[in-house]
Amino acid sequence: MIKELIYMNGYGLYVWSAFAFTLISFTSLYVVTKIHYIKEKSKFESKFGSLDSKKAEVARTQIINREILSSTNNI
Amino acid sequence: MKFIFKFFEPNKVFLITSKAPKYVMALFMIVISIGLLEALIFSPEDYKQSHSVRIMYVHVPAAWISLGIFSSMTLLSLSGYIFKNKNFFLIAKSLAPSGLVFNIIALVTGSIWGKPTWGTWWAWDARITSMLILALFYLMYLVAWRIYENKDYVLKITTMIALMGIINVPIIKYSVEWWSTLHQPASITLLSKSSIHSSMLFPLLIMTAAFALFSLLIFLMKYNTELIKIKNKGLDRL
């Protein structure tokens, strides 16, 4: 059964390489997108941390800024 | 109309998009698991192509999603100009990376499928060539966002690229009817009964749903990143 699943009448190499390429592409795209997200988020956090209290208060009035700071790791 | 666009305000959208990825990811994992089992184990082999037909379950959904994403990007870019809403451009930009990856998957898996079926890895066939041209449009679109600093200029350029690229979409769709190609005519159409058996149609639709969920996941992650990028610039201006 397993041998048949791997070999697939001689087409196994083609089928498995097509599925493997898809899986690798998915994983790479996910990892790259996540890295970009984490980078931008940490840049935001460090910039926010360096604001003085008055500016930080102004920035906090925006819902989106509060959301970015509160979402520790949503993805 | 203004009332509808209030829902598209980044502040409100981010409340949803920042929480959605984990649920989309969970759903994607469930659907892809069912899809892979169906595609690799439960679906029957083809009487002519034998097991190589299983490549269809990654090749066809990837091509469909890639075409769908490009069409959506064009519609969004145009809507951005018509309704003067920059968020549409941001959504289009966030869709592009997954569209390009699906296009590449369609080309590569098509090439792998071509070897046992047609005896060649590549042919300058109308469908394959037009898909390759679509990949070039995706590349141009993404490169334009990277190289142009001027905001208004980049919006114009990317919309022009999308508008030029959309001409290629019906060419891809009808290339198998207009020219004599190695590809067979469409087995699944919206208006008439599909010629594909339900035992193969079911896994194909499941895999399409899984791919659509994955593109939604990448879109959400990319869109959130773009919003944070904008907010980073906002903090600089404080």
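The values are calculated or read from the model by the stated rules, or taken from the named source; none is laboratory data. As the structure is a computational prediction, the values presented were derived from the model and not from experiment. With ideal geometry, Cβ positions are generated from the backbone for all residues, glycine too; neighbour counts draw on all protein chains shown.
Filter the range B:133-154 for residues that are without any contact (Cβ under 8 Å) to a residue 40 or more places away in the chain and surrounded by 16 or more Cβ atoms within 10 Å (Cβ to Cβ); which is nearest to A:Gly12 (Cα to Cα)?
B:Ala135
Picking from B:Phe14, B:Phe28, which residue would you name as being within 12 Å of chain A (Cβ to nearest Cβ) and within 27 Å of B:Asn103 (Cα to Cα)?
Matching residue, one of B:Phe14, B:Phe28: B:Phe28.
Collect the residues in the range B:68-94 that are within 15 Å of B:Phe214 (Cα to Cα) and surrounded by fewer than 22 Cβ atoms within 10 Å (Cβ to Cβ), keeping them in residue-number order.
Correct list: B:Gly68 only.
Does B:Lys231 qualify as being within 19 Å of the chain's Cα centre (by Cα), charged (D, E, K, R) and within 14 Å of another protein chain (Cβ to nearest Cβ)?
no
Quick one: which helices (runs of 4 or more DSSP H) sit completely within the range B:1-99 and have at least 3 residues that are under 22 Å from the mean Cα position of the chain (by Cα) and touching a residue at least 24 places away in the same chain (Cβ under 8 Å)?
Result: B:20-37, B:56-82.
Suppose we filter the range B:194-222 for residues that are at pLDDT 95 or above and either aliphatic (A, V, I, L, M) or farther than 15 Å from A:Thr22 by Cβ (or both); how many remain?
Within the range B:194-222, residues that are at pLDDT 95 or above and either aliphatic (A, V, I, L, M) or farther than 15 Å from A:Thr22 by Cβ (or both) number 15.
Which of the following residues is touching a strand residue (DSSP E or B) at 6+ places or on another chain (Cβ under 8 Å), among the aliphatic types (A, V, I, L, M) and crowded, with 19+ Cβ neighbours inside 10 Å: B:Val53, B:Val58?
Answer to the check: B:Val53.
When the residues of the range B:63-101 are filtered to those that are aliphatic (A, V, I, L, M) and more than 14 Å from chain A (Cβ to nearest Cβ), which remaining residue is nearest to B:Lys156 (Cα to Cα)?
By that ranking, first place goes to B:Leu78.
Determine the pairs where a residue that is at the interface with chain A (Cβ under 7 Å from one of its Cβ atoms), located within the range B:102-126, has a partner that is part of a helix (DSSP H, G or I) and polar (S, T, N, Q) with Cβ atoms under 6 Å apart, the partner being 6 or more residues away or on another chain.
B:Ile105/A:Thr22; B:Ile105/A:Ser25; B:Ile112/A:Ser17; B:Pro116/B:Ser52
Return the only residue of A:Tyr7, A:Tyr30, A:Tyr14 being at pLDDT below 90 and at negative phi.
A:Tyr7
Given (1) in a helix (DSSP H, G or I); (2) away from every other protein chain (no Cβ under 12 Å), identify the lone condition not met by B:Leu213.
Condition not satisfied by B:Leu213: (2).
Let's see how each residue does on (1) among the charged types (D, E, K, R); (2) within 25 Å of B:Val13 (Cβ to Cβ):
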{"position": "A:Ile6", "(1), (2)": "no, no"}
{"position": "A:Tyr14", "(1), (2)": "no, no"}
{"position": "A:Thr27", "(1), (2)": "no, no"}
{"position": "A:His36", "(1), (2)": "no, yes"}
{"position": "A:Lys41", "(1), (2)": "yes, yes"}
{"position": "A:Phe48", "(1), (2)": "no, yes"}
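Between B:Ile34, B:Ile30, B:Ile16, which is farther than 30 Å from A:Ile68 by Cβ and not acidic (Asp, Glu)?
Of B:Ile34, B:Ile30, B:Ile16, the one residue that is farther than 30 Å from A:Ile68 by Cβ and not acidic (Asp, Glu) is B:Ile34.
Which one is surrounded by the most Cβ atoms within 10 Å (Cβ to Cβ), of the residues in the range B:6-50 that are under 23 Å from B:Ile228 (Cβ atoms) and of a type in the set (S, T, N, Q)?
B:Ser18
Among what's in the range A:18-52 and is under 19 Å from B:Leu37 (Cβ atoms) and within 7 Å of chain B (Cβ to nearest Cβ), pick the residue that is surrounded by the fewest Cβ atoms within 10 Å (Cβ to Cβ).
A:Phe19
Given the range B:102-207, what helices (runs of 4 or more DSSP H) lie entirely inside it while holding 3 or more residues that are in contact with a His (Cβ under 9 Å, 6 or more places away or on another chain)?
The helices (runs of 4 or more DSSP H) meeting that bar are B:126-147.
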